Structures are given as C-alpha cells and as structure tokens.
Amino acid sequence: MSGRRNPEKPDAWQKQIIRKAGLKPQKWLVVKENPMYLYLVDRGPEQREDIIVDKKTFEKKKKKRCPRRR
C-alpha cells in the first residue's frame, strides 16, 4: 500500500498502531503507508493537521498545519 489519492479509514492493524502512538483512531484518516511510517490526517473541518507515526517506536511527528482548501 503506497500513496492514496483520498484519505481512507484505517483498517484494524493501522488502528492498533494509531492507539499505541497515543491517538484516537476515530479522529484520523490514513493518507499513505510505507514499511516504516504511517501518514495520517485529521478528520476535523477547520485546520488540517498531518501526523507521521513511526511503526517501530510508535513516535508521532507533526508534519505541518495548513488551512483546508474549499
């Protein structure tokens, strides 16, 4: 599974990784996944928040915040 055109709901395995990183899976969508990282975007309507989760250490890194385009 590589880059996706549209963010999608996480599957069971991805939800487990998101929980171990200290996040709520209901709040996040998966944009991209590779063997090392899981790229997430929040579901909120206002400001977009991107987070990268390391699959081995479950550390989260904030990528950037940018306003949603309409």
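The values are calculated or read from the model by the stated rules, or taken from the named source; none is laboratory data. Note that this is a predicted model, so its numbers are computed, not measured. Neighbour counts are summed over all protein chains in view; Cβ atoms, including those assigned to glycine, are modelled from backbone coordinates with ideal geometry. Quick note on the areas: whole protein, heavy atoms, side chains included, nothing else; ligands and nucleic acids left out. Shrake-Rupley method; radii C 1.70, N 1.55, O 1.52, S 1.80 Å.
Observations on the model:
- With a 1.4 Å probe rolled over the protein heavy atoms of all chains, the accessible area of 13, 28 falls in the order 13, 28, largest first.
- Residue 48 contributes an accessible area of around 80 Å² to the protein surface, as traced by a 1.4 Å probe with all chains present.
- The simple spin-label model puts a point 7 Å past each Cα toward its Cβ; for residue 13 and residue 54 those points are separated by 2.1 nm.
- Heavy-atom accessible area ranking, 1.4 Å probe, most first, across 63, 56, 27: 56, 63, 27
- Residue separation of residue 24 and residue 63 scaled by 0.36 nm, minus their Cα-Cα distance, works out to 12.3 nm of gained length.
- Backbone N atoms of the range 15-39 closer than 16 Å to the 7 Å Cα→Cβ label point of residue 5 belong to residues 31-32.
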